[in-house]
Amino acid sequence: MNDKQLIRTLSPDTLKNWLAEHKEKPFRAQQIMSWLWQKDVHAIDDMTNIPETLRLKLQQSFIWDRTQLLSFQLSSDKTIKAVFKLYDDAIIEGVIIPSDKRMTACISTQAGCPVKCVFCATGQLKFIRNLSAGEIVDQVVDLNQLSQERFGKGLTNVVIMGMGEPLLNMENTIMAIKKITSDEGLRWSPRRITLSTVGIPEGIIRLANEHLGVNLAISLHSAIQEKREKLIPFAKKYSLVDLQTALKQYTYFTHQKITIEYLMLQDMNDSITDATALSHFASQINAKINLIPFNPIDHCNLQPSSAIKIEEFMSFFKYKNFTVRLRKGRGVDIDAACGQLANKFLKDV
Ligand code: SAH
Ligand code: SF4
């Protein structure tokens with residue numbers, strides 16, 4: 001079994017070559033690709049328009065790394081946390097966040113995360129591996145299906161803000177976005193997708209060059225280098241100056257407005273000095289600001305900022321004419337809110 005190739009790493013042309021070698025018709029490639037990337041099926045045997053003999057050959061040569069929805073929990077605010085098992089038994093999570101106008105899925109790009117931000121539950125888990133492009137796309141297909149079943153309507157938006165750092169799984173994340181947005185995939189508008197990153201300058205430039213058209217959000221959390229390094233030790237490798245340069249290039253190439261995500265942490269990054277530093281950073285790149293209430297996690301002493309402090313921050317940025325929003329914490333009772341993914345589940349298994 002181990003020498004079998006993952007079927008979704010094949011391009012349409014390599015699949016056609018494989019079919020020719022196995023004396024099969026080339027038009028089967030398109031049929032197989034459609035099953036692999038567009039449909040809510042889980043096994044090669046479910047490819048009903050493919051003859052049994054060819055299905056058998058496919059099974060003998062390939063593994064289909066299809067995610068399996070293991071279980072899900074419903075929060076009192078209707079947020080759903082879904083747990084997926086990967087073909088090698090790794091576990092990841094996805095979330096559905098219903099609101100008045102939107103049905104948003106939050107999806108993962110890695111099992112665990114090597115970045116290890118001190119405030120994030122995913123960062124406390126062992127990093128297992130990058131997800132394949134197919135495993136990233138499957139989460140959208142499966143959460144869309146679950147959303148239809150539970151809420152009677154499909155997804156409207158996708159945020160790549162679940163487990164993992166997407167720019168450390170660059171190739172697969174880019175391929176997944178292309179599949180989600182292309183005609184051969186799920187035909188989504190890229191404007192309905194937001195990618196959140198801890199901010200890796202070379203990755204941001206690469207994204208700009210791909211012209212994917214998705215929205216970009218940067219987890220900044222402090223515009224003061226030493227404080228940012230305390231929260232995100234990984235940020236020692238990248239100065240805020242380099243990050244800002246990359247973001248400027250990103251807006252120059254894409255003409256898109258970037259969102260800065262900023263966790264509100266008591267006595268850590270919520271003073272007037274912090275707000276001033278953030279406003280300097282954000283004004284240089286003409287960014288919008290999303291303030292995020294901190295969801296406390298185990299083994300971390302950080303505390304959420306008070307409602308008054310958050311309100312002061314909001315007023316400060318409104319006064320300076322920034323577009324500023326406060327993100328609502330959702331699904332806190334089932335650990336589905338940002339940074340709590342997998343916190344409970346993986347400890348329970
Ligand atoms: N690795 C990417 C995407 C996944 S994290 C990134 O860091 O951007 C998605 C968002 O959840 C980030 O903005 C992250 O800072 C935030 N987050 C992590 N832990 C959190 C917590 N305990 N409370 C609130 N938000 C958190
Ligand atoms: Fe990784 Fe993002 Fe969590 Fe940091 S916040 S550990 S980058 S998932």
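The values are calculated or read from the model by the stated rules, or taken from the named source; none is laboratory data. None of the values given here were measured: they were computed from a predicted structure. With ideal geometry, Cβ positions are generated from the backbone for all residues, glycine too; neighbour counts draw on all protein chains shown.
Restricting 137, 141, 95 to those that are farther than 27 Å from residue 249 by Cα, away from ligand 1 (no atom under 16 Å from the Cβ) and under 12 Å from the mean Cα position of the chain (by Cα) reduces the list to 137. Hey, among the residues in the stretch 110-125 that are within 6 Å of ligand 2 (Cβ to nearest atom), of a type outside the set (Val, Ile, Thr) and surrounded by 21 or more Cβ atoms within 10 Å (Cβ to Cβ), which one's nearest to residue 295 (Cα to Cα)? The qualifying residue nearest to residue 295 (Cα to Cα) is 120.
Within the bounds of the stretch 267-281, is there any residue that is more than 14 Å from ligand 2 (Cβ to nearest atom) and within 25 Å of residue 213 (Cα to Cα)? Yes, because at least one residue in the stretch 267-281 is more than 14 Å from ligand 2 (Cβ to nearest atom) and within 25 Å of residue 213 (Cα to Cα). The combined condition, being among the charged types (D, E, K, R) and under 18 Å from residue 136 (Cα atoms), is fulfilled by residue 89. Hey, could you check the stretch 136-178 for residues that are among the small types (Gly, Ala, Ser) and surrounded by fewer than 24 Cβ atoms within 10 Å (Cβ to Cβ) and say which is nearest to ligand 2 (Cβ to nearest atom)? Residue satisfying both the conditions and the ranking: 147. Considering only residues in the stretch 183-242 that are acidic (Asp, Glu) and in contact (Cβ under 8 Å) with a residue 24 or more places away in the chain, the one that is farthest from ligand 1 (Cβ to nearest atom) turns out to be 184. Identify all residues within the stretch 205-254 that are among the aromatic types (Phe, Trp, Tyr) and either within 16 Å of ligand 2 (Cβ to nearest atom) or assigned to a loop (DSSP other than H, G, I, E, B) (or both); write none if there are none. Selection gives 234, 238. When the stretch 117-138 is filtered for residues that are within 27 Å of residue 232 (Cβ to Cβ) and not in a loop (DSSP other than H, G, I, E, B), the ones remaining, listed by number, are 121, 122, 123, 124, 129, 130, 133, 135, 136.
Is it true that residue 233 is at pLDDT 95 or above, assigned by TED's automatic domain parsing to the domain that holds residue 311 and within 20 Å of residue 158 (Cβ to Cβ)? No: the conditions fail for residue 233. When the test is whether a residue is more than 13 Å from ligand 2 (Cβ to nearest atom) and closer than 26 Å to residue 296 by Cα, residue 133 does not pass it. For the stretch 84-99, indicate whether the set of residues that are in contact (Cβ under 8 Å) with a residue 12 or more places away in the chain, among the hydroxyl-bearing types (Ser, Thr, Tyr), assigned by TED's automatic domain parsing to the domain that holds residue 232 and within 16 Å of ligand 2 (Cβ to nearest atom) is non-empty. Checked the stretch 84-99: no residue is in contact (Cβ under 8 Å) with a residue 12 or more places away in the chain, among the hydroxyl-bearing types (Ser, Thr, Tyr), assigned by TED's automatic domain parsing to the domain that holds residue 232 and within 16 Å of ligand 2 (Cβ to nearest atom). Criterion first (among the aliphatic types (A, V, I, L, M) and farther than 18 Å from residue 325 by Cα) does residue 260 satisfy it? The answer is no for residue 260. Condition first: at pLDDT 95 or above, within 12 Å of ligand 1 (Cβ to nearest atom) and outside any helix (DSSP H, G or I). Can you find one or more residues in the stretch 166-179 that meet it? Checked against the condition, which is being at pLDDT 95 or above, within 12 Å of ligand 1 (Cβ to nearest atom) and outside any helix (DSSP H, G or I), the stretch 166-179 yields at least one hit.
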